[in-house]
Amino acid sequence: MQAPVEIRTTVTIPILDGAVKGVFHTFDGFADGGEHFAIALGPRGRDVPLVRVHSECLTGDVFGSQRCDCGPQLNDALHRIGKEGGFVLYLRQEGRGIGLYAKLDAYVLQDQGLDTYEANERLNFPHDMRDFTPAAQMLLALGVKRIRLLTNNPDKAKQLEAAGIEIVEIVPTGVFVTEHNIQYLEAKVKKHAHRIDLSDISGGAKVLPLAVGDTPGVRRLGKP
């Protein structure tokens with residue numbers, strides 16, 4: 001049996017232009033050898049913290065790519081959890097686990113008409129290679145066994161529960177649409193049952209005002 005993951009380093013870093021102090025935790029003992037980390041945000045001591053499990057997306061998280069919704073989801077999670085209290089668990093699993101170069105190769109195929117999952121198949125990868133076990137291991141190392149999970153992806157909840165985390169509530173993320181990611185979002189809904197309400201796209205979307213730190217050019221869908 002694998003030894004439990006243990007906290008390696010804890011350091012406080014001002015983030016979001018200094019508006020929020022994130023407590024960054026690194027860990028020893030991941031079976032995959034990844035440098036995954038957790039960021040504690042907001043009020044401490046909540047019995048059931050709000051948690052976002054976020055897979056690394058260099059193009060979206062850093063460069064603001066509008067071909068996905070990763071950057072806006074991460075930004076939204078940092079702000080929401082910064083207010084409510086909880087953790088962002090950042091997993092180094094670029095491109096649903098296929099890596100940065102392969103993800104960019106998949107983008108080339110998407111430009112030729114394939115959807116995000118078909119492109120992975122053409123490159124001989126599964127639809128999704130991610131293992132969310134490290135997220136559960138980080139939570140257990142932090143002494144957290146019950147959470148409210150911020151996600152639209154049912155597979156995250158399934159994997160966390162199988163790893164010993166009780167999910168008290170699933171909190172949906174926002175819906176962030178650009179002219180470049182609509183097909184990407186539709187594929188996630190149709191092929192992997194992501195709980196994303198895209199009905200407003202055809203019915204006249206209600207575009208909510210940008211919050212602090214929102215990404216220009218990204219529409220946040222919602223109802224009045």
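Does ASP32 qualify as being modelled with pLDDT under 95 and in a helix (DSSP H, G or I)? Walk me through how you get there before you give the answer.
Numbers: modelled with pLDDT under 95: yes; in a helix (DSSP H, G or I): no.
So ASP32 fails the test.
Does segment 158-181 contain at least one residue that is out of contact with any strand residue (DSSP E or B) (no Cβ under 8 Å at 6 or more places or on another chain), crowded, with 20+ Cβ neighbours inside 10 Å and in contact (Cβ under 8 Å) with a residue 12 or more places away in the chain?
yes
Of all strands (runs of 3 or more DSSP E) completely enclosed by segment 87-188, which ones contain at least 2 residues that are under 20 Å from ASP69 (Cβ atoms) and in contact with a helix residue (DSSP H, G or I) (Cβ under 7 Å, 6 or more places away or on another chain)? Step through it out loud before you land on a result.
On the way: elements: 146-150, 166-171, 175-177.
So the answer is 146-150, 175-177.
State whether one or more residues within segment 61-72 are more than 20 Å from VAL175 (Cβ to Cβ) and either out of contact with any Asp or Glu (no Cβ under 8 Å at 6 or more places or on another chain) or assigned to a loop (DSSP other than H, G, I, E, B) (or both). If you could, list the steps in order and put the result at the bottom.
Taking segment 61-72 as the starting set, the residues that turn out to be more than 20 Å from VAL175 (Cβ to Cβ) are 62-63.
Next cut, either out of contact with any Asp or Glu (no Cβ under 8 Å at 6 or more places or on another chain) or assigned to a loop (DSSP other than H, G, I, E, B) (or both) only: 62-63.
Within segment 61-72, one or more residues are more than 20 Å from VAL175 (Cβ to Cβ) and either out of contact with any Asp or Glu (no Cβ under 8 Å at 6 or more places or on another chain) or assigned to a loop (DSSP other than H, G, I, E, B) (or both).
Exactly one condition in (1) surrounded by fewer than 19 Cβ atoms within 10 Å (Cβ to Cβ); (2) modelled with pLDDT under 80; (3) among the basic types (Lys, Arg) is not met by LYS145; state its number.
With (1) surrounded by fewer than 19 Cβ atoms within 10 Å (Cβ to Cβ); (2) modelled with pLDDT under 80; (3) among the basic types (Lys, Arg) applied to LYS145, the lone miss is (2).
Residues that are under 16 Å from THR151 (Cβ atoms), touching a Phe, Trp or Tyr at 6+ places or on another chain (Cβ under 6 Å) and of a type in the set (D, E, K, R): does segment 54-75 have at least one?
Yes; the residues of segment 54-75 include at least one that is under 16 Å from THR151 (Cβ atoms), touching a Phe, Trp or Tyr at 6+ places or on another chain (Cβ under 6 Å) and of a type in the set (D, E, K, R).
Check PHE24 against each of (1) farther than 23 Å from LYS103 by Cβ; (2) at pLDDT 95 or above; (3) touching an Asp or Glu at 6+ places or on another chain (Cβ under 8 Å) and name the one condition it does not meet.
(3)
The values are calculated or read from the model by the stated rules, or taken from the named source; none is laboratory data. Only a predicted model underlies this, so the values are computations on that prediction, with no experimental measurement involved. Positions of Cβ are generated from backbone atoms using ideal geometry, with glycine treated the same way; all protein chains shown enter the neighbour counts.
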